[in-house]
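The values are calculated or read from the model by the stated rules, or taken from the named source; none is laboratory data. What you are looking at is a predicted structure, and each value in this text was computed from that prediction instead of being measured. Heads up, the Cβs are rebuilt from the backbone with ideal geometry, glycines too, and the neighbour counts pull from every protein chain shown. For the accessible areas, the whole protein counts, side chains as well, though only heavy atoms, and no ligand, DNA or RNA atoms are used. Shrake-Rupley method; radii C 1.70, N 1.55, O 1.52, S 1.80 Å.
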Amino acid sequence: MQRNRFLPFRQAAAMTTKTVLLAQYNAALDMLAQTIDACPDAIWFDDEAPNRFWQVAFHALFYVHLYAQPTVEAFEPWEHYRLDYEMLGPPPWEPDKTLVFDQPYTKDEVLTYLAFCRNELARQIGALDLDAPSGFHWLPFNKLELRSTTFAIFNNTWASCPAAC
């Protein structure tokens, strides 16, 4: 059997990619934490907004948490998860569903979830096979592309937040 002379370079490149991915996630989570801290309660709980600030923050973190897992089957919701609170509107598969958000997450709760997600990312990213399928049947691409997509969604989500925060 012939040894692949490029294997050490591929392994080093994968480690560098994983290190960069984790650094990018941590930077994004740092910005989110600063935004949460700076958000006035009037905006955090604003019932007039189509999606309250806490909902947008929780939504973003829920999907960071979900897509950090190797597969959808491996996902275990956060211990303080409330059913459907990750939704920003009725799901496409149930467009007539009425969502009720009668127990808003506090800043402290969302920051606790953020810390949980940060730990989950640190735990999961090192074990990633970046060339493997995404692990989510509705996302037909590999793990590296999933990371790129997650960053885009995360940043896009925050583009919808009020400038006051």
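Overall size of segment 62-165 from C-alpha positions, given as principal axis extents largest first: 40, 32, 30 Å. Put Thr150, Thr71, Thr19 in order of accessible area, highest first, and with a 1.4 Å probe you get Thr19, Thr71, Thr150.
Only lysines eight or more places from Lys97 in sequence, or on another chain, were considered; none has a Cα closer than 19 Å. Within the shell of other residues whose beta carbon sits under 13 angstrom from the beta carbon of Leu114, the net charge comes to -3, with Lys and Arg scored +1 and Asp and Glu -1. Averaged per residue, segment 14-135 has 53 square angstrom of accessible surface, using a 1.4 angstrom probe with ligands and nucleic acids left out.
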